[in-house]
Amino acid sequence: MEKMSELIEKYFRGETTLAEEITLNDYFKSGDIKAEHVVYQYLFEAFDLERNEKIEVPLKTFEVFPSRRKNIWLKTLSYSGIAAALVFALWIQRPHRSDDFAIISGKRIENQEYVKKYATAKLNKVNDILRSSMEPLQSLNKVKKAMKPLRDMPDLKNETTE
């Protein structure tokens, strides 16, 4: 009976062999069970009931296709290749736009002559603004040139006193 206690401990550690489990099962079926092992008798009876139980509802069977993963990759690669070819074809067929353009008042203008005339007119306007803002400075330059003889006078004064 000491052997049965060791077998039960070994069973719960998961270290028993199939022959040892059969021995345990026969021990609990025999009815000659020690008082300390009666607790485990119900457990082994439940195992027997489950083992003998028949399933009335058939289990669903699933067919496993080992090449399904390969098919998914092939489909993915083919679809991405087709998409890439379409993008490339659309990129080639797109209408060619010239790289020479200007944006005037929010509109794209590709007429180079119009853009040159427009730019010339704007630059002339800027030039006129600069010229008109420089006029006061030019009049200051005239005054400065007119004052030069007066600035040179102290030098003459020093020359005469010496």
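The values are calculated or read from the model by the stated rules, or taken from the named source; none is laboratory data. Not measured: the values here are computed from a predicted model. A quick note on method: Cβ atoms are made from the backbone with ideal geometry, for glycine too, and the neighbour counts reach across all protein chains shown.
Would you be able to say whether some residue in the stretch 105-119 is surrounded by 10 or more Cβ atoms within 10 Å (Cβ to Cβ) and assigned by TED's automatic domain parsing to the domain that holds ILE8?
Start the filter on the stretch 105-119 by keeping residues that are surrounded by 10 or more Cβ atoms within 10 Å (Cβ to Cβ), which leaves 109-112, 114-119.
Narrowing further to those that are assigned by TED's automatic domain parsing to the domain that holds ILE8: none.
There is no residue in the stretch 105-119 that is surrounded by 10 or more Cβ atoms within 10 Å (Cβ to Cβ) and assigned by TED's automatic domain parsing to the domain that holds ILE8.
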Among the residues listed as SER80, SER67, the single one being modelled with pLDDT of 80 or more and within 58 Å of the chain's Cα centre (by Cα): SER80
The stretch 113-136 residues that are within 29 Å of ASP100 (Cα to Cα) and modelled with pLDDT under 90, paired with ones that are surrounded by 11 or more Cβ atoms within 10 Å (Cβ to Cβ) and among the hydrophobic types (A, V, I, L, M, F, W, C) (beta carbon under 6 Å, 6 or more apart): VAL115/ALA102; VAL115/ILE109
Count - residues of the stretch 4-57 that are part of a loop (DSSP other than H, G, I, E, B), at pLDDT 85 or above and surrounded by fewer than 15 Cβ atoms within 10 Å (Cβ to Cβ): 3
